[in-house]
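A.B. asks: Mind having a look at this structure? Questions to follow.
The values are calculated or read from the model by the stated rules, or taken from the named source; none is laboratory data. Just so we're clear, the structure is a prediction, and the values are computed from it rather than from any experiment. Using ideal geometry, Cβ is built from the backbone for each residue, glycine included, and neighbour counts are taken over all protein chains shown.
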Amino acid sequence: MQQLLINSLPEIALIIGVLHLLFLYITANESTRNYVSAARFWLLISLLGSIIFYDKSLYPGYFQNNAYTFLWITIIDILTYVLLEVSASWFLSQSKTGCRYYMLLLLATLNINIWLTATDLLVLGLSGLLMIIINYYFLKIDYDKQQTQSSSLLYIKVLMMVFLLLGISYAYIYSWMGNTSYGALKEFIEINQSNPLVFATFTGVIVFFLCFLGIAPFHILAEEKTGKSILPVAHYFAIVMPLALWGVFIKINLIIFPFYAPIITKSYLIFGLLSVIFGAIGANARINLHRIYAYSSLYHFGIILLLLSLGNMSAIFIAYLYLLTYILGLNGAYLTFYSLKSHGEYMSSVTALSGLAKTRPYTMGVLLISLFSLMGLPPLAGFLGQIGFIHEMLNTTPACVWC
Amino acid sequence: MSEMLLLLVVLIPLIGAIFTATAKHTQNYATNNVYNVVVWVLLANISLILYIFSLIDTSKTGIQLVEKYNWLEILPIDFLLGADVFSLLLLLGINLSFLIAGFSLKKYTDDSKLLPTSELLFIGLLNGYMLASDIISFYIFFAAVSIPLIVLISNYGKQYKKNILVRFSLYNLIGALLLLCAIIIMYNSKSGNIPLNTAGNLHLRKTVEYFVWMSLFIAFMSRMPIWPFHYWISSINSTLRNPIVFIIGNLIPLVGLYGFMRFWPNTVAESIAIYAPLFDVICIFTMLFIALVSLSHKEFRYKIFAYTTVYYLIYLIGVLLPTSGLKMNIGYSLFSYVIIITVLSFTLSHIEKEQKRLDLYSLKGILCRMPRASICLSLFILAGIGLPVTPLFWNNFIIISEIFNYNLTLGILVILAMFLVGLALLEELYLLKDKSSAPHILSETKDLPETEFFVYVGCLIILFFSFFKPLWFVF
């Protein structure tokens, strides 16, 4: 029991963090600074626990911590910490405490930890469901009470429908073999890979993630998440959520891909190309910066999917590198949004950027560096992802390089 | 330390850019911090380049002083930096021209640190581009060198800024992407990074070979004022009034020209070299078109742009000739050419500033009240179009005679374009010096400051020495 408690220190710290925030809320200790300090403290404890016990797991049958999960969790925790820091100024300027936001953020981090370390389809499904609910409540944070109502409803409707696919897949696999751990799944697919029902089952799992990520043609939610929500929520949806989703999705792919490589390769190639095209066209047709970045994400996710379609380890490594450099670049761009304030209002239109170099030269500098990195220009980090992508594509499918 | 000289030439301006970007933003920052940093960085770089000149054998043509740096172990990629007389000469010319610009920097920086920072960034990246000796680092600097200009256009552009920026970014990014594809194919064919001078020894399939070389040349063409890529540079030159931005905009074509020089004629595959006449035709078409437009154009700055375009394209035709003997002549010419353009641009900016200050409708006759500016402009225009006091004269003579040797019609058309653009400049000079048009308000006109005048005279002396011995500064 003692060992179990120690191993689950990262998760316990986050649960205590949520309870701490709840306590502060109940005791009417309503101050953004208090909430941020408490959330920050417990997040750091969680991060420390993740670093120290990077290879220890809660229930080894259902969870497995290793170098892979450690890397993703550490990066996500660091980015969440950044989010905590910068969102405080936003809530203070709006005269809001942000209690719900910070509680949801800690809950989301906890759920991401579970999601990433899960080694059982049941845990994966349940944490997926929890993630949808948390995200729904994130989208409901709207102080105008108007803007995001439709977005949050659409979000939960669409994802719940897709979640049904995951549920059906799980029920089918469970009824067949009575065990849904990843190891058992691997053996199960190996034996039944020619069975079309088994293939359809795993298609359900993959479609769930593609929808969640907003890959074309399932990009109905691409704009809704970041285009209409408040800045800290948009920041969370643009940075933390995709990173967690890709972490889990790549893990699932490593299990399923080898058995259905020919079909998955073609599907990913088509979805990837569609995302790249829709993303590039969509971004050019928008003037709201959040929406531009939403479509830019679609484009970049398309690139990552194209890399995954290659199915080899070096392509997966490049996909990881690409994702990381992309997230860093986008995070830089999002950080500048917190400085784009005029008459108490946070600006989100492209036109708000005119004259920024004169009024806020450092903000403009950060934005430019981030954008150049997102464009993949050397000598910035985004170039590493771009060179890796083109290198992999030219080695395998020369036609894809034109995207 | 002596093994890192070339790296230092790249790093010093980049470090300077960090200093200028982070300098305290006070009213006097330009004079106290930024200005000093720019001048001292350039002086240090020029001294370093002169020292490197003393270390290499100037009678050899190949790359010398190669420096190797590890970068990515996973791909694996090592950076190679190297220098030959040609690249060092260009580096010296570029750094010298920005030093000249540095002395006038105070007048044109307005209240922003953006200009000196971008300038130093540009110099550092351009130095890296000239010293890159492997295909990967060559690409990195090629793509990165456009960043400062994108920043400057977005800040200093006036009307149609957005359109210009979109076109410039589009041409340059497409060019850079094509170059990246070509370079990665080359990299994959050898499973590693390859030195620039061995790029032609690769054994590629015919279609792949065509793709690689066409991508390379489209990438270089995208940086030159050559049809159909000429639009962005002419737009920049007609809208950007700041002389430093003008010089940076005019040095971008040098990036394209240098790319051609590095790959043609020794490195390029034979199957591609047969298309050189096609490039010649495009060059001639563009040269004549721009030269004719400059004759009818009323803006002096556009005429300088037309002059730079025509001369860049002459050098490009020189590069495309089936001989490698012209390389050094082109280098000597470019050294003078860059300095001449800088002085012309700054003198013109001073005149334009006076025009704005005095609210003059026209520049006609303005030089009558500006004797120092008049001397500078006259001498440098004459030097630019062929006065036999700079190396531009006899090196251009050799290049053009080689063009005549290669094809008589081509030679005649080149001479025609040079004549037209020379005529456009002389016509403008005449108008500026025309006493009958000088309005009485010109008595308040301020002449070129003495410091600037002496700096320009110093430039003329440098060019004069180079006329007799191009590498006179090498001991």
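A.B. asks: Is it true that some residue in the stretch B:46-60 is within 14 Å of chain A (Cβ to nearest Cβ), in a loop (DSSP other than H, G, I, E, B) and modelled with pLDDT under 85?
C.D. replies: No, because not a single residue in the stretch B:46-60 is within 14 Å of chain A (Cβ to nearest Cβ), in a loop (DSSP other than H, G, I, E, B) and modelled with pLDDT under 85.
A.B. asks: Report, by residue number, each residue of the stretch B:64-87 that is closer than 19 Å to residue B:334 by Cα and in contact with a Gly (Cβ under 9 Å, 6 or more places away or on another chain).
C.D. replies: B:84, B:85, B:86, B:87
A.B. asks: Tell me the residue from B:274, B:247, B:226 that is among the aliphatic types (A, V, I, L, M) and at pLDDT 85 or above, please.
C.D. replies: Just a single option satisfies the conditions, and that option is B:247.
For every residue, the table says whether it meets (1) within 14 Å of chain A (Cβ to nearest Cβ); (2) over 23 Å from the mean Cα position of the chain (by Cα); (3) more than 30 Å from residue B:306 (Cβ to Cβ).
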| site | (1), (2), (3) |
| --- | --- |
| B:180 | yes, no, yes |
| B:190 | yes, yes, yes |
| B:203 | no, yes, yes |
| B:226 | no, no, no |
| B:232 | no, no, no |
| B:253 | no, no, no |
| B:283 | no, no, no |
| B:287 | no, no, no |
| B:290 | no, no, no |
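A.B. asks: Would it be correct to say that residue A:302 is part of a helix (DSSP H, G or I), within 18 Å of the chain's Cα centre (by Cα), among the small types (Gly, Ala, Ser) and surrounded by fewer than 23 Cβ atoms within 10 Å (Cβ to Cβ)?
C.D. replies: no
A.B. asks: For residues that are crowded, with 16+ Cβ neighbours inside 10 Å and acidic (Asp, Glu), tally how many sit in the stretch A:68-107.
C.D. replies: The number of residues fulfilling the criteria is 1.
A.B. asks: Just to be sure before I move on: is residue B:381 closer than 18 Å to residue B:339 by Cα, assigned to a helix (DSSP H, G or I) and of a type in the set (Val, Ile, Thr) in the structure I sent?
C.D. replies: Taking the combined requirement at face value, the residue satisfies it.
Matching residues to (1) of a type outside the set (Val, Ile, Thr); (2) not in a helix (DSSP H, G or I):
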residue	(1), (2)
B:304	no, no
B:324	yes, yes
B:328	yes, no
B:335	yes, no
B:361	yes, yes
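A.B. asks: Return yes or no: is residue A:130 in contact with a helix residue (DSSP H, G or I) (Cβ under 6 Å, 6 or more places away or on another chain) and surrounded by 17 or more Cβ atoms within 10 Å (Cβ to Cβ)?
C.D. replies: The answer is no for residue A:130.
A.B. asks: Sort through A:110, A:126 and tell me the only one that's in a helix (DSSP H, G or I) and not assigned by TED's automatic domain parsing to the domain that holds residue A:36.
C.D. replies: A:126
A.B. asks: Identify all residues within the stretch B:402-418 that are without any contact (Cβ under 8 Å) to a residue 40 or more places away in the chain and touching a Gly at 6+ places or on another chain (Cβ under 7 Å); write none if there are none.
C.D. replies: B:404
A.B. asks: Tell me the residue from B:150, B:174 that is in a helix (DSSP H, G or I), among the β-branched types (Val, Ile, Thr), at the interface with chain A (Cβ under 10 Å from one of its Cβ atoms) and surrounded by fewer than 22 Cβ atoms within 10 Å (Cβ to Cβ), please.
C.D. replies: Every option except B:150 fails the conditions.
A.B. asks: Do you know which of the residues in the stretch B:292-302 that are in a helix (DSSP H, G or I) and closer than 18 Å to residue B:249 by Cβ is farthest from the chain's Cα centre (by Cα)?
C.D. replies: Only one residue fits best here, namely B:293.
A.B. asks: All but one of (1) buried (at least 20 other Cβ atoms within 10 Å of the Cβ); (2) over 26 Å from residue B:89 (Cα atoms); (3) at pLDDT 85 or above hold for residue B:376, so report the exception by its number.
C.D. replies: With (1) buried (at least 20 other Cβ atoms within 10 Å of the Cβ); (2) over 26 Å from residue B:89 (Cα atoms); (3) at pLDDT 85 or above applied to residue B:376, the lone miss is (2).
A.B. asks: Now for a separate question. Among the residues of the stretch A:48-67 satisfying the criterion of being surrounded by 15 or more Cβ atoms within 10 Å (Cβ to Cβ) and more than 16 Å from residue A:115 (Cα to Cα), which is modelled with the highest pLDDT?
C.D. replies: Checked the stretch A:48-67; the qualifying residue modelled with the highest pLDDT is A:49.
A.B. asks: Does the stretch B:121-143 include one or more residues that are more than 14 Å from chain A (Cβ to nearest Cβ), within 19 Å of residue B:67 (Cβ to Cβ) and either touching a Cys at 6+ places or on another chain (Cβ under 6 Å) or among the aromatic types (Phe, Trp, Tyr) (or both)?
C.D. replies: No - not one qualifying residue is present in the stretch B:121-143.
A.B. asks: Out of everything in the stretch B:177-197 that is free of Cβ contacts under 8 Å to residues at least 12 places away in the same chain and part of a helix (DSSP H, G or I), what residue ends up being surrounded by the fewest Cβ atoms within 10 Å (Cβ to Cβ)?
C.D. replies: Looking at residues that are free of Cβ contacts under 8 Å to residues at least 12 places away in the same chain and part of a helix (DSSP H, G or I), I get B:188.
A.B. asks: Sort out which residues of the stretch B:393-413 are more than 26 Å from the chain's Cα centre (by Cα) and among the hydrophobic types (A, V, I, L, M, F, W, C), and write them in order of number.
C.D. replies: Hit for the stretch B:393-413 is B:408, nothing else.
A.B. asks: Go over the candidates A:101, A:81 one by one and state the one that is free of Cβ contacts under 8 Å to residues at least 60 places away in the same chain and either touching a His at 6+ places or on another chain (Cβ under 8 Å) or part of a helix (DSSP H, G or I) (or both).
C.D. replies: A:81
A.B. asks: Does residue A:73 qualify as being free of Cβ contacts under 8 Å to residues at least 40 places away in the same chain and of a type in the set (A, V, I, L, M, F, W, C)?
C.D. replies: no
A.B. asks: Continuing with this model, one more query. Test residue A:157 against the stated conditions and say whether it is within 24 Å of residue A:205 (Cα to Cα), at pLDDT below 85, surrounded by fewer than 16 Cβ atoms within 10 Å (Cβ to Cβ) and not aromatic (Phe, Trp, Tyr).
C.D. replies: yes
A.B. asks: Taking the stretch B:330-368 only, how many residues are in contact with a Ser or Thr (Cβ under 8 Å, 6 or more places away or on another chain) and of a type in the set (Val, Ile, Thr)?
C.D. replies: 6
A.B. asks: Tell me the residue from B:415, B:398 that is within 20 Å of residue B:312 (Cβ to Cβ), at pLDDT 90 or above and either in a helix (DSSP H, G or I) or in the same structural domain as residue B:335 (by TED's automatic domain parsing) (or both), please.
C.D. replies: B:415
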